[in-house]
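So the structure is just underneath, and the comments pick up after that.
The values are calculated or read from the model by the stated rules, or taken from the named source; none is laboratory data. The shown structure was predicted, so the numbers you read here are calculated from the model rather than taken from an experiment. Neighbour counts run over all protein chains shown; Cβ positions are idealised from the backbone, glycine included.
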Amino acid sequence: MSFTPIPNRLVKPTLQTRFHIDFSWWEREGRDFRVDVMNHLRPEQQEAFTHYQGGELVDSVDPETAEVVKVDRMQYILRGLSAAASEFVAEHTSLVDMLFHVFLTNGNHPLTPEELSEKTNRPAQTILRTIAGLRIYKGIRPVP
């Protein structure tokens with residue numbers, strides 16, 4: 001007897017499903033990820049990107065594993081900004097924007113709705129209903 005796996009798109013996400021920002025979604029939708037990120041930053045934060053050209057990779061140390069990895073300069077700068085300005089993930093922002101900010105500031109490490117709930121003080125079930133539906137918000141999708 002052989003086993004045929006069920007495609008990911010047919011599996012209903014749960015509270016234990018890990019999500020992340022799928023950067024390829026931005027390209028498929030014809031949207032520019034960097035432009036949207038800039039719209040989320042305060043003017044003083046935007047100054048860090050005045051000379052940013054895009055696509056530049058820099059070394060970054062993973063805070064959990066101490067592994068040195070190459071990351072996009074924008075992602076590197078966002079991590080630094082988030083450490084200095086916790087209001088980037090603010091209570092008054094919409095749920096989708098708040099989740100987007102969490103992924104930007106954590107290096108896009110996959111998180112479950114329960115983990116996202118801990119970081120945002122929003123109910124995990126509400127987070128799951130928001131990001132597990134047919135509509136994709138800001139590229140936030142289940143990890144394949």
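Hey, could you check the stretch 62-83 for residues that are touching a strand residue (DSSP E or B) at 6+ places or on another chain (Cβ under 7 Å) and closer than 25 Å to Asn39 by Cα and say which is modelled with the highest pLDDT? Ranking the candidates gives Lys70 first. If the condition is being surrounded by fewer than 18 Cβ atoms within 10 Å (Cβ to Cβ), outside any loop (DSSP other than H, G, I, E, B) and modelled with pLDDT under 80, then the stretch 84-108 contributes Ala84, Ser86, Glu87.
Of the residues making up the stretch 23-77, those that are in a strand (DSSP E or B) and acidic (Asp, Glu) number 2.
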